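The values are calculated or read from the model by the stated rules, or taken from the named source; none is laboratory data. Quick caveat, the model's predicted, so the values are computed rather than measured. Heads up, the Cβs are rebuilt from the backbone with ideal geometry, glycines too, and the neighbour counts pull from every protein chain shown. Quick note on the areas: whole protein, heavy atoms, side chains included, nothing else; ligands and nucleic acids left out. Shrake-Rupley method; radii C 1.70, N 1.55, O 1.52, S 1.80 Å.
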Amino acid sequence: DSNWDPDFPKSAVKAEWFLDKEIDQIVDGTIAIDLELAKEILEITGPIYLSDFGRKVDHLNLYEVTQSEVEENFFPGSRKKSNFLTALSREMINTLSSRLKNNEVGIVVSFIKALEQRHIQIFMHKNSVQEAVSKFGYEGAVKVPYCKGNCYHDFVSFVDANVGVNKANYFIKRSVFLNIIFNGKDVRRSLKIMYENNANPVLGEKAKYKTYVRALAKKEVNFGDVRISTTGEQDVKKPDINLIDDYKEAGIFLQINPGQTKAVEFVWSNSLEENIDFYQRGEFGVFFRKQAGLVDDYLSINLKLPNSARVFKNSLFTLTNEGNYVYNTLLTRDTFPLIYCY
């Protein structure tokens, strides 16, 4: 319940507040990890056996075993989730301790990969430590890029928050499409997120994905209505708008039932403070921030520049027609593709 803010240092402080109120415990910091790191570690160490649960866990069945242990006979207030994850983490620590010397490099590489892909986030109260962590971007803070001169660095992200008291996230596949249009005086964007719920409908409530989805953008933008599309139907909603530090967010509630595909599209725009000259030397692009915990959503960025803009050959964006540049990737980590004009 504490992990609502996409800016991890803020969520970490809230988690520490809850901990203090629950067990009267003050800590030096907070480290968040998810099951993707556990999967990477298990691939190196091999299977582990959880005697209290009578289950063997490896990198192939980790999610399925965790899902079944957490969801079976679940009720509000149940401690099954914490009991299972505690047993799993303790056994993994014991396994790592005994096998570390056999594969130090592989384990270190797994932790670095997890840090870069935001499967680990670190917040420490000691300033010197936190400064070192922040230098590498491992603190999970929301950082909005700005630049000076003939350039524009946009900022986009989205955040899903499962509010359905279940683990339906496991069945959700996302595809993300971002369009950015520069016309010299303003910038317009549309962010479409396609959700596929691949759960079997017989699972009922356990597989209904109820999410509060938020789009994040620069603080100076103006959000419009949100369009929600499913087979043969379309709905329009006014989003909740919040200005938070250096960014603005727009959020709506969304439900995707088992076997259903649904699209949600956010739109926003803003005027440029200065006229950008696409016929002079400059750089233009977008910093797309990945949500912690997500693995490999498909992302397609379409950047539309004024016709006849003079662009250097770029290895990331592909010219599809005059003025349209496309960049396709898997959102395993933050991405920051740029186009250079001359």
Please state the charge dipole magnitude for the chain, taken about the Cα centre, from unit charges on C-beta atoms (+1 on K and R, -1 on D and E), reported in debye and rounded to the nearest 20. 520 debye
Work out the charge dipole of segment 1-154 with +1 on the Cβ of Lys and Arg and -1 on the Cβ of Asp and Glu about the Cα centre, then indicate which of THR30, SER82, PHE111 is farthest towards its positive end. PHE111
Surface share of carbon and sulfur [accessible, 1.4 angstrom probe, percent] for segment 1-123: 55 percent
Tell me, which cysteines of the chain are without a disulfide-compatible partner by the Cβ under 4.7 Å rule? CYS341
If the limit is 29 Å between Cα atoms, which of LYS143/LYS304; LYS39/LYS237; LYS167/LYS290 go over it? LYS39/LYS237
HN-Hα J couplings of segment 17-30 from phi, Karplus 6.51/-1.76/1.60, θ = phi - 60°, integer Hz, Gly and Pro as x? 5, 4, 4, 4, 6, 7, 10, 6, 10, 9, 10, 7, x, 9
Helix-derived mean residue ellipticity, 222 nm - over the chain, DSSP H n ≥ 4, -39500 (n - 2.57), to 500: -7500 deg cm²/dmol
Straight distance only, please: which aspartates and glutamates reach the Cα of LYS206 with their own Cα at less than 17 Å, same-chain residues fewer than 8 apart left out? GLU64, GLU69, GLU71, GLU72, GLU196
Filter the trypsin sites (Lys or Arg not before Pro) in segment 287-320 to those in DSSP coil with at most 14 other Cβ atoms within 10 Å of their Cβ, and list the result. ARG310, LYS313
Which shape class, rounded, prolate or oblate, goes with the chain when its Cα gyration tensor gives a ≥ b ≥ c as root eigenvalues, a/c under 1.5 marks rounded, and past that a/b bigger than b/c marks prolate? prolate
Order VAL105, VAL144 by their accessible area, 1.4 angstrom probe, all chains in place, largest first. VAL105, VAL144
Gaussian network model of the chain, springs between alpha carbon atoms under 10 Å - residue of GLU40, GLU283, GLU64 with greatest fluctuation: GLU64
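If you place +1 on the Cβ of every Lys and Arg, -1 on the Cβ of every Asp and Glu, and leave all else neutral, what size is the dipole of segment 114-180 about its Cα centre, to the nearest 20 Debye? Intermediate results must be reported in sequence, preceding the final value.
Numbers: 8 positive and 5 negative charges, 18 e Å.
The dipole magnitude comes to about 80 debye.
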Ranked by accessible surface with a 1.4 Å probe, highest first, in what order do ASP225, ASP154 come? ASP225, ASP154
Percentage of interatomic Cα-Cα distances in segment 195-259 larger than 18 Å: 48 percent
Kindly provide log₁₀ I(q)/I(0) values, in the same order as q = 0.12 Å⁻¹, from the Debye equation applied to equal alpha-carbon scatterers of segment 191-331. -0.65
Determine the dipole magnitude for segment 286-340: charges of +1 sit on the beta-carbon of Lys and Arg, -1 on that of Asp and Glu, nothing else is charged, the reference point is the Cα centre, and the result goes in debye to the nearest 20. 180 debye
Heavy-atom accessible area with a 1.4 angstrom probe orders LYS81, LYS248, most exposed first, as LYS81, LYS248
Degrees, to the nearest 10: 62-71 long Cα axis against longest axis of the chain: 70 degrees
Shape verdict for segment 1-146, please, from the Cα gyration tensor: rounded (a/c under 1.5), prolate (a/b greater than b/c) or oblate. oblate
Checked segment 60-169 against the a/c 1.5 cut and the a/b vs b/c comparison, axes a ≥ b ≥ c from its Cα gyration tensor; verdict oblate
